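Enquirer: The structure's right below; bear with me while I get my questions together.
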Amino acid sequence: SVTGSAQVRVQLDLAIVRVGVQTSGSEAATALDNNNEQMQALLDALQQAGVAEDDIQTQTIQLQPQYANVPQAFPPQPVEPAQSETMSDTTSAPEITGYIAVNTVEVRTSDLANLGSLLDTIVAAGANQIAGIRFDISDANDALTNARDAAWQDARQKAEQLADLSGSELGDVLTISEFSRGPVPMA
């Protein structure tokens, strides 16, 4: 039984950027309308910059209330049941003062040379959130095939050496199992 291993180094050729628009309004509809308008401007700018529609995927749409900072008076010690009735008027529920709408998209681009320019376009179009940039390869299958070929040659070379050292001959392959790790970006 032998184990073969191999690594294949490939050039990263794809950038994936999570960008978004956050808006607010006194009413939920206002926050959403503002967000939709700003997001549409972002989508238009991305397409004008040459990003294909298929390379833009919605990731998150959120609407959440904003609360006023209402101070609450709490006693420093545990409240006895008889005291809790007299204290109910000193605590108040938070008051909704507006809404925040967030829309996040994932943008894929293979134009790494102009990634900085694309980020400038994104910000100029109204994106006020950049959640992260990661790099990847567009087609991992070729790299995995090359790694399997190299791992097979590594295992076969070890098996032939061990058979030769022991005075044996190689027979048929009885089992094959694979463990592969996904791409690991290098700095």
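The values are calculated or read from the model by the stated rules, or taken from the named source; none is laboratory data. Bear in mind the structure is a predicted one, so any value in this text is a computation, not a measurement. Quick reminder, even Gly has a Cβ in these numbers, built from the backbone with ideal geometry, and neighbours come from all protein chains shown. Surface areas here come from the heavy atoms of the whole protein model, side chains and all, with no ligands, DNA or RNA. Shrake-Rupley method; radii C 1.70, N 1.55, O 1.52, S 1.80 Å.
Enquirer: So the check is Cβ under 9 Å with 6+ separation or different chains; which pairs have a first residue in region 137-150 that's touching a residue at least 40 places away in the same chain (Cβ under 8 Å) and farther than 13 Å from residue 178 by Cα and a second one that's part of a helix (DSSP H, G or I) and open to solvent by less than 60 Å² (accessible area, probe 1.4 Å)?
Expert: That search, which allows pairs on different chains as well, returns 137/143.
Residues are listed down the side, and each one gets a yes or a no for (1) surrounded by fewer than 17 Cβ atoms within 10 Å (Cβ to Cβ); (2) farther than 16 Å from residue 117 by Cβ; (3) modelled with pLDDT of 95 or more:
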residue: 21; (1), (2), (3): no, yes, yes
residue: 33; (1), (2), (3): yes, yes, yes
residue: 37; (1), (2), (3): yes, yes, yes
residue: 46; (1), (2), (3): no, no, yes
residue: 57; (1), (2), (3): yes, yes, yes
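Enquirer: Under 9 Å between Cβ atoms, which residue pairs at least 6 apart in sequence (or on different chains) link something in region 153-178 that is in a loop (DSSP other than H, G, I, E, B) with a partner that is loosely packed, with under 10 Cβ neighbours inside 10 Å?
Expert: 174/1; 175/1
Enquirer: Further question on the same structure: Which residue out of 124, 131 is closer than 30 Å to residue 34 by Cα and loosely packed, with under 12 Cβ neighbours inside 10 Å?
Expert: 124
Enquirer: Going through 17, 8 one at a time, which residue ends up being surrounded by 15 or more Cβ atoms within 10 Å (Cβ to Cβ), under 25 Å from the mean Cα position of the chain (by Cα) and modelled with pLDDT under 90?
Expert: Of the residues listed, the single one that is surrounded by 15 or more Cβ atoms within 10 Å (Cβ to Cβ), under 25 Å from the mean Cα position of the chain (by Cα) and modelled with pLDDT under 90 is 8.
Enquirer: Yes or no: residue 98 at pLDDT 90 or above and outside any loop (DSSP other than H, G, I, E, B)?
Expert: Yes: the conditions hold for residue 98.
Enquirer: For residue 143, all conditions in the list (1) out of contact with any strand residue (DSSP E or B) (no Cβ under 6 Å at 6 or more places or on another chain); (2) small (Gly, Ala, Ser); (3) within 26 Å of residue 59 (Cα to Cα); (4) surrounded by 12 or more Cβ atoms within 10 Å (Cβ to Cβ) hold save one; what is the number of the exception?
Expert: Failed condition: (3).
Enquirer: Would you check which residues across region 1-19 are outside any strand (DSSP E or B), in contact with an Asp or Glu (Cβ under 6 Å, 6 or more places away or on another chain) and within 30 Å of residue 117 (Cβ to Cβ) and list them?
Expert: none
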